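The values are calculated or read from the model by the stated rules, or taken from the named source; none is laboratory data. Owing to the predicted nature of the structure, the values given are computational and were not obtained by experimental measurement. Positions of Cβ are generated from backbone atoms using ideal geometry, with glycine treated the same way; all protein chains shown enter the neighbour counts. For the accessible areas, the whole protein counts, side chains as well, though only heavy atoms, and no ligand, DNA or RNA atoms are used. Shrake-Rupley method; radii C 1.70, N 1.55, O 1.52, S 1.80 Å.
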Amino acid sequence: MTLMTKVEAQGEVPFRITDPERIPAQRYYDESFYKAEVEKLWPHVWQMACRLEQIPNVGDWIEYKILGKSVIVMHAAEGIKAYHNACRHRGVPITEGRAHGSCEHEGFTCPFHGWRWNIEGENTFVYGKQKFSEKQLDKADLALKPCRVELWGGCAFINFDDNAPALRASFGPVAERLEAHGLANLRAEWWFATELPANWKIAMEAFMEGYHVMKTHPQLQRVVPGLYNSMYAYNMSETGGVGLPTNPYMSGRENIKAQFRHLELLSEGMAGMVHPKEIEIARGLLDVDLPEDPQLAVQTWFGILQDQISKQLQAKGEKVPDLNAVCVSDPVNAVEFMFPHYFLLPMFTAMSAYRIRPTGPETCIFELWSLAPFAPGEEPPVPMEPTWLPYDSPEFPPIPRQDYSNIPIQQVGVHAEGFEFMRLAQDVEGLVSNYQRLIDGYLGGVAPEKLAQANNLLGGNFDGKIFDLGF
């Protein structure tokens, strides 16, 4: 069965993709397509709601908002729960305008009529109870409406669909691979947020390939002369996916200095991708004995570096894996996506995390975390709210600031007369196509199990090929 006949078998989808290498431009701004996403995509997908270090104690809670909906993620006595944020009397949000808090003993009180609920979601007080008929006061009916929640990777994920496949069934094997790299042990150092004048998919797709690195982030390749034509700064097998290609016309020692400068630029540009403590370990290894052959020297140096990062941080009490071992047993790409709106950039032991939420057809909230391991007692203060900045603020790290320079103007460009579709390279921009066609699956009513199977294909697809999604 060809891709063409498969998509025709689905339900009606506005601006459906019929050629996987061409994405219709209207999908990035059309009101009808945006409405279809709001109604048929977002109510059925797993969404990263909060980081678990934000709610460490019983009674701690935080609010997650998207597309007019509000959910309370609560650390209850029996574990993490989630509730729809609405009084069961007349619908007023019971968090009283707060974004987070702690209420182990007092629970929640509706600011309108004073009705109350405990942290288990049970109603504990109705003012003027005698004024209501008994059928309006059924205990189960008065309880806060639960929202489905599952935990993974140091985060709580919610899903508005009680019948959707489980989180792990949706994310697939990449979830276990990232866990092997110590994801659950990382904590947020900082959290930035901005509102971008762009469709949420344009913001997401800016990070689905390394093809843009040469032009958008030239500093990451400029450290190795003669490599301007190399488009893939990250997925180099010879360095375990964390360095630049080797320049055979430079000595092994010169190549190592270039690799180190590249790591410094990543650390300066993102912080989460390469942590300063990893840079200091690398700095101490610049003079280790290495083979004469440049490529072998680079491979050897990265092996020594990963070994020392693991051992030195473990000696400090940090829960980090054996990096050389997990790079073989559980390889991950430079960017790994958790459909639809969350992705991670794993390097050594630290990672960057991104979350993007639509606020309209051509606007979105873009959030960025720096995650790192810490020894017990040395954890940084937990950021409970993001630092909000204009998207062109110089306070953003250099790498996302460079990406933000493209995203808003690309949104303008998709409206240009005669621009009908995104034209994708089948071998390196396949993730864009796979993502967009998975969205079509949701909009077209494909069976949830098939959607989960297709979602599994997104793990490890950064810089990847176009796949047959099975529908």
Longest principal axis of the chain (C-alpha) makes with the long axis of helix 252-270 (C-alpha) an angle, in degrees to the nearest 10, of 20
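Taking 0.36 nm per intervening residue step and subtracting the Cα-Cα distance, what contour gain separates K40 from D307 on full extension?
Working: separation 267, 0.36 × 267 = 96.12 nm, distance 4.65 nm.
Extending this stretch completely gives an extra 91.5 nm.
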The size of the Cβ-based charge dipole (Lys, Arg +1; Asp, Glu -1) of the range 27-172 about the Cα centre, to the nearest 20 debye, is 320
Ranking G377, N255, L286 by how far each Cα lies towards the positive end of the charge dipole of the range 251-386 (+1 on Lys and Arg Cβ, -1 on Asp and Glu Cβ), the top one is G377
With the charge dipole of the chain built from beta-carbon charges (+1 for Lys and Arg, -1 for Asp and Glu) about the Cα centre, the Cα from P398, I119, G303 projecting farthest to the positive end belongs to I119
Given a 1.4 Å probe, the accessible area of the chain per residue, as a whole number of Å², is 42
R253 and A447 label points (each 7 Å along its Cα→Cβ direction) are spaced in nm at 6.4
With a 1.4 angstrom probe the carbon and sulfur portion of accessible area for the range 115-163, in percent, totals 46
With a 1.4 angstrom probe the carbon and sulfur portion of accessible area for the range 293-349, in percent, totals 52
In the range 362-456 the accessible area split gives carbon plus sulfur, as whole percent at 1.4 Å, a share of 53
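How much FRET efficiency would the formula 1/(1 + (r/R0)^6) give for E195 and H100, where r is the Cβ-Cβ distance and R0 is 25 Å, rounded to 0.05?
Working: r = 20 Å, r/R0 = 0.80.
Taking R0 as 25 Å, the efficiency between E195 and H100 is 0.80.
Would you calculate a helix-derived [θ] at 222 nm for the chain, using -39,500 (n - 2.57) for each DSSP H run of n ≥ 4 and dividing by the full residue count, to the nearest 500? Kindly include the intermediate steps, with their values, before the conclusion.
Numbers: 15 runs with 141 residues, N = 471.
Here the helix-only value at 222 nm equals -8500 deg cm²/dmol.
Suppose every Lys and Arg Cβ carries +1 and every Asp and Glu Cβ carries -1, with no other charges. What dipole size does the chain come out with about its Cα centre, to the nearest 20 debye?
On the way: 41 positive and 60 negative charges, 202 e Å.
About 980 debye.
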Note: R168 to R261 extended length (0.36 nm per residue) minus current alpha-carbon separation gives 29.7 nm
Taking 416-423, 430-437, 280-287 and ranking on average Cβ neighbours within 10 Å, highest first, one gets 430-437, 280-287, 416-423
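Within the set K201/K465; K40/K465; K69/K201; K201/K319, which residue pairs have Cα atoms separated by over 24 Å? Please list the in-between numbers first.
Details: K201/K465 18 Å; K40/K465 26 Å; K69/K201 20 Å; K201/K319 34 Å.
With Cα atoms farther than 24 Å apart: K40/K465; K201/K319.
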For V332, the net charge from surrounding residues (Cβ-Cβ under 14 Å; K, R +1; D, E -1) works out to -4
Restricting to lysines and to Cα separations under 19 Å from K135, and discarding same-chain partners fewer than 8 apart, the set is K145
Partner aspartates and glutamates whose C-alpha sits under 19 Å from that of K65, ignoring same-chain residues fewer than 8 away, are E37, E39, E53, E96, E150, D161, D162, E195, E362, E367, E385
In nm, the gap between the two label points placed 7 Å beyond Cα toward Cβ at E122 and R90 is 2.8
Tilt, helix 398-413 to longest principal axis of the chain (alpha-carbon atoms), in degrees rounded to tens, equals 70
Taking only the alpha carbons of the chain, the radius of gyration and the largest Cα-Cα distance, Dmax, both in angstrom, are 23.9, 87
Subtracting the Cα-Cα distance of K215 and V382 from 0.36 nm times their residue separation yields 56.6 nm
With label points set 7 Å from each Cα along the Cα-to-Cβ direction at E134 and D427, the distance between them in nm comes to 7.5
Of the residues L344, N163, G272, the Cα lying farthest along the dipole of the chain towards its positive end, which is defined by charges on the beta carbon of Lys, Arg, Asp and Glu, belongs to N163
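When the dipole is taken about the Cα centre of the range 392-431, and only Lys, Arg (+1) and Asp, Glu (-1) are charged at their Cβ, what size is it in debye, to the nearest 20?
Values: 2 positive and 7 negative charges, 7 e Å.
Dipole magnitude for the range 392-431 comes out near 40 debye.
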Quick note, the range 333-471: a/c under 1.5 would make it rounded; otherwise a/b > b/c is prolate and the rest oblate (a ≥ b ≥ c, C-alpha gyration tensor); here it is oblate
